[in-house]
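Working notes, structure below.
Quick note: the coordinates plus some simple rules give every number you see, no bench work behind them. Note that this is a predicted model, so its numbers are computed, not measured. In this analysis, Cβ positions are derived from the backbone assuming ideal geometry, glycine residues included, and neighbour counts consider all displayed protein chains.
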Amino acid sequence: MTRRGAAQEAAVFVHAIILCGGKGTRLSRLYADRPKALVPIAGRPFIEWQLDWLLGSGVCRRVHLAAGHLAPALQDWLQASAYASACTLSAEPAPLGTAGALKFAEPFVQSDPFLAVNGDTLVPNLRVDALAAAHAAGSRMLTLAVTPIENAGRYGTVEFDAQGRLTAFREKAEHRHGWINGGVYIAARSLFDRIPPERNVSLETDVFPALAAQGLIATFRAEPPLLDMGTPSGIEQMESCLRRQGA
């Protein structure tokens with residue numbers, strides 16, 4: 001079997017996790033009655049856009065929703081939706097941060113490697129199957145999707161070398177172009193061993209920088225845009241982009 005064929009075979013199935021437990025503070029004025037995942041985007045709950053993207057990728061057959069804030073509302077939606085047979089859901093007992101939420105969902109993960117996605121972003125031009133194949137062909141613990149942006153603003157930037165190895169995370173800087181974390185990554189289950197249980201821990205500030213310092217993160221370049229529905233203006237931009245793409 002060729003190396004490409006082996007990579008494709010290794011990427012046949014990855015269990016995906018959507019980290020959707022955040023409070024959505026910047027949207028609370030508009031949608032105080034629902035979790036961020038259920039905020040309407042172009043006439044549909046945002047979670048449906050993510051699930052269609054993941055389940056339509058050809059490599060994600062199951063998705064776990066790592067919920068938190070207003071989790072019962074998300075559970076009710078899931079049970080009544082067409083996605084119930086493909087999804088499971090857990091609710092963290094207290095805010096645990098992005099890494100803590102991931103650790104809490106560990107018992108539900110059924111694949112090695114697994115895929116994780118931030119619960120308020122979408123990279124519609126990212127091919128999940130290509131990301132999975134790139135990870136299978138590499139040797140790093142984690143492969144992070146990165147995408148270029150003209151105004152990094154509140155996102156901060158990442159740096160990587162000629163081999164695609166992530167070397168640094170940079171602080172947020174207004175009006176600076178560069179590459180940013182796309183909020184999508186595929187990782188070996190050994191990532192869970194790097195996260196202490198039952199603690200509020202951040203992937204972005206605690207776990208990822210430590211892995212990068214050890215050379216354990218590879219990057220995968222994804223075509224822009226990165227769509228973020230975490231603010232009212234972000235929702236407008238997301239809806240405009242999805243409509244232009246005919247979604």
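Taking label points 7 Å from Cα along the Cα-to-Cβ direction, Glu198 and Ala94 give a separation of 1.0 nm. Kirkwood hydrodynamic radius of the chain, from the reciprocal of the average inverse Cα-Cα distance over all distinct pairs: 18.2 Å. Rounded to the nearest 20 debye, the dipole magnitude of the stretch 138-247 is 220 debye, with +1 charges on Lys and Arg beta carbons, -1 on Asp and Glu beta carbons, and the Cα centre as origin.
Give the distance, in whole Å, between the Cα centre of the stretch 232-247 and the Cα centre of the stretch 144-219. Here the two parts' Cα centres lie 25 Å apart.
Placing pseudo-labels 7 Å out from each Cα toward the beta carbon at Thr25 and Cys241 gives an inter-label distance of 2.4 nm. Each DSSP beta bridge with both residues in the chain is either parallel or antiparallel, and the antiparallel ones are about 50%. The relative contact order of the stretch 3-237, computed from alpha carbon pairs under 8 Å that lie at least 6 residues apart in sequence, is 25 percent.
Packing here is the average count of other Cβ atoms within 10 Å per residue, and on that basis the peptides 82-89, 120-127, highest first, run 120-127, 82-89.
Only aspartates and glutamates eight or more places from Lys36 in sequence, or on another chain, were considered; those with a Cα closer than 18 Å are Glu48, Asp52, Asp76, Glu92, Asp120, Asp228, Glu236, Glu239. With neighbours defined as other Cβ atoms within 10 Å of a residue's Cβ, the residues Cys20, Cys60 order from fewest to most as Cys60, Cys20.
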